[in-house]
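Q: Dropping the structure in here first, questions after.
The values are calculated or read from the model by the stated rules, or taken from the named source; none is laboratory data. What you are looking at is a predicted structure, and each value in this text was computed from that prediction instead of being measured. As a convention, Cβ positions derive from the backbone with ideal geometry for all residues, glycine included, and neighbour counts pool all protein chains shown.
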Amino acid sequence: MLNLEKQINYRVMKYLENNQMYGTLKTFENETSLARLTNNQRIERDSLVDLILFDPEKLRYPQFYFNSYQSLKNWINTSLKLFQDELRVLLYPIFLHCYFDLIEKQKNERALEFFHKFKHDHLEKFPTELGLLQSITTKRQMETNNFATTTRSKKFNIILSSHSFELYFTFLQEMELDLLNKITYKYLNIRVISSSELRRYKIVDDNDETEGEKLALMTGETFEEIFSMNSQKIEWGLLKNCIEDRVNEKRERELFEKKERILAITRKRKRTKAKQFVFQEPLNRTNSLIPAPKLTIQENNRRIDELSRSIDAGENNLPSICMFTLFNSQNKVNSVDISKDSRYITIGCSDSSVRYWDLTKQLEKKKNKKEDFSKVMHGHQGEVYSVKISPLNHSFVSVSQDGTARLWSFETDHCLSIYNGHNFPIWDVDFSPFGYYFVTGSMDKTAMLWSTDSERPHRLFVGHLSDVDCVKFHPNSNYVATGSSDRTVRLWSLSDGKCVRIFADMKGHKSGITSLAFSPDGQLLASGDEDGVICLWDIGKSMRIRKFNSHDNYITCMDFSVLNGNILASGSVDNTVKIWNVELARKNPIDIQRSKILKHKFQNVLLKSFPTKNTPVLHLGFSMRNILHASGVMTSEVPNKQEF
């Protein structure tokens, strides 16, 4: 019989080899200084592993599940603090699969007993999942429940250091915990990394109160697949000859000419020639990957004129906020959108109607107070969850519980087109910056790309393990971001419909994604979740660079200031609008943690918090002139309440 140490080392190596983690396997061999095993030893150890992993006798008794989980929990809690934080992440997936095993064996009463005994270990971090788990009480329900089938068919991704990994397998061997061996082998995808590499995963934001806590990730892909996907080169820059560059060129030219006028007298004395202005376009500009109609000359000129008049927002120049509050809504309003030029306000209602206001007619309303300048349109057969105004300002899209999207005209006040494709309710919709394409996210775990002139989807984005709750177009219209209840954010290429980025790490979001926003230059992506946490991701580097944690409830909306994108505004159902310093947040968190002076300064990333009066914020958006538009519904009673 081989000694215990060699048995454990071999089991670790076999696990890595079976999961095709060859790079990790090499690292483990180097750290443990193990030589290659002979063929005879491999045969003997194969038999040993198979015996341990699939011993059926002990698994017949429900009490063995209780004892195994309790033993693991006690061992982790009494381990060294150095390893506790890494090992504790194993508890949640093992808890889930112990429960599912008991249900599968039709030990329903013991399964519920197991759930109630150990649920408090995970209630704080996984309240939604535990609610779903508690509703699964029979084998039939388990076979038809989406959460159960996804959990059993996909593997949890977990990161452990080589020392923690070996400690874990040593513990399982010494305690003869066959059940935990089986669950680990079948349902966990553990990535073993060296101690030096682990430091990269332990970078914690200075305002992150959850230091040391990690979550097991389930994305449907292995670590190697995620790494390969996130290593792809993507063109995140703006389009060539974009409006932003033309505005910057105009500003630089005006500044150059102003300086030249001041230096004109000096040139005359020295008889030197005047310099010629040359604008250098940024190197990261790209071409459009999808066909789309070009903007008209009038629309181009209008946008350039509006952007030219904008004032750069920043730490010392906070934006003005214009708040639109809706009264007497009778809790019917689900979503709000405001056009960039502040002309239109649209809302989606729970009574299946959509409504809009033309704010340019407010002066006429003063002359004729009896006339109502809002328009109500019907067509959906369920609640309207999201509305989005076209950047061209002639129409808007609404999505509903009935699984359809509808295009409405501001000119005719009628539905122009109906888009069928999703099988379940659609949660969110977003227009491309040029107004021709729009994207929808649904309860069916998919997102779809549409064009206004076609009733069939052009692209189907499949990969999320749960509802796609929010969608957002990239500024160059070549990519679409989706946020899901599975706690991940994905970036999709419109040219081929493939996923090119998965934004998820062990210390990122711990609840479903509820809002997304791109920086104007296309480099950063902000994602907000149900816990009120905002993560800032660098698209090019495929990494989280900052985590904001100040809201008390879930994030409903976010937007970056135009042109420079130095300001991020976030709105929440906690009745606040918060302004964040993105320019400061772009700094390298590693450098900041090494400098106490910079670390102290970095805590000023929250510039301002604006409370509302009992008004959850449903919409935020910067206008072309960098005025922040906000909107929400007053939740308190008001006098003389009338029908909405």
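Q: Just the residues that are closer than 30 Å to Asp341 by Cα and either in a loop (DSSP other than H, G, I, E, B) or in contact with a helix residue (DSSP H, G or I) (Cβ under 6 Å, 6 or more places away or on another chain) (or both), please, taken from the range 551-573.
A: His551, Asn553, Tyr554, Ser561, Val562, Leu563, Asn564, Gly565, Asn566, Leu568, Val573
Q: Since Val480 meets every condition but one in (1) closer than 30 Å to Tyr92 by Cβ; (2) outside any loop (DSSP other than H, G, I, E, B), which condition does it not meet?
A: Condition (1) is where Val480 drops out.
Q: Additional query: Go through the range 230-253 and give me each residue that's of a type in the set (Val, Ile, Thr) and either at pLDDT 85 or above or loosely packed, with under 14 Cβ neighbours inside 10 Å (or both).
A: Ile234
Q: A further question follows. So, Thr440, is that one within 17 Å of the chain's Cα centre (by Cα) and either at pLDDT below 90 or closer than 19 Å to Cys415 by Cβ (or both) or not?
A: yes
Q: Please go through the range 520-537 and give me each residue that is assigned to a loop (DSSP other than H, G, I, E, B) and farther than 18 Å from Ser432 by Cα, ordered by number.
A: Once the filter is applied, which keeps residues that are assigned to a loop (DSSP other than H, G, I, E, B) and farther than 18 Å from Ser432 by Cα, the range 520-537 yields Glu530, Asp531, Gly532.
Q: Search the range 287-304 for residues that are under 20 Å from Asn478 (Cα atoms) and pair each with any residue that is part of a helix (DSSP H, G or I) when their beta-carbon atoms are under 8 Å apart and the residues are at least 6 apart or on different chains.
A: So the pair list comes out as Leu295/Arg303; Asn300/Ile243.
Q: Sticking with this one: Could you say which residue among Asn334, Asn287, Asn316 is surrounded by fewer than 11 Cβ atoms within 10 Å (Cβ to Cβ) and at pLDDT 85 or above?
A: Checking each option against the conditions leaves just Asn316.
Q: Since Ile43 meets every condition but one in (1) exposed (fewer than 15 other Cβ atoms within 10 Å of the Cβ); (2) modelled with pLDDT of 65 or more; (3) aliphatic (A, V, I, L, M), which condition does it not meet?
A: (2)
Q: On to the next question. Does Leu392 satisfy being closer than 21 Å to Ser339 by Cβ, of a type in the set (A, V, I, L, M) and under 29 Å from the mean Cα position of the chain (by Cα)?
A: Yes; evaluated as a whole, the condition is true for this residue.
Q: Could you list all residues from the range 572-585 that are touching a Lys or Arg at 6+ places or on another chain (Cβ under 8 Å) and not polar (S, T, N, Q)?
A: Lys578, Ile579, Leu584, Ala585
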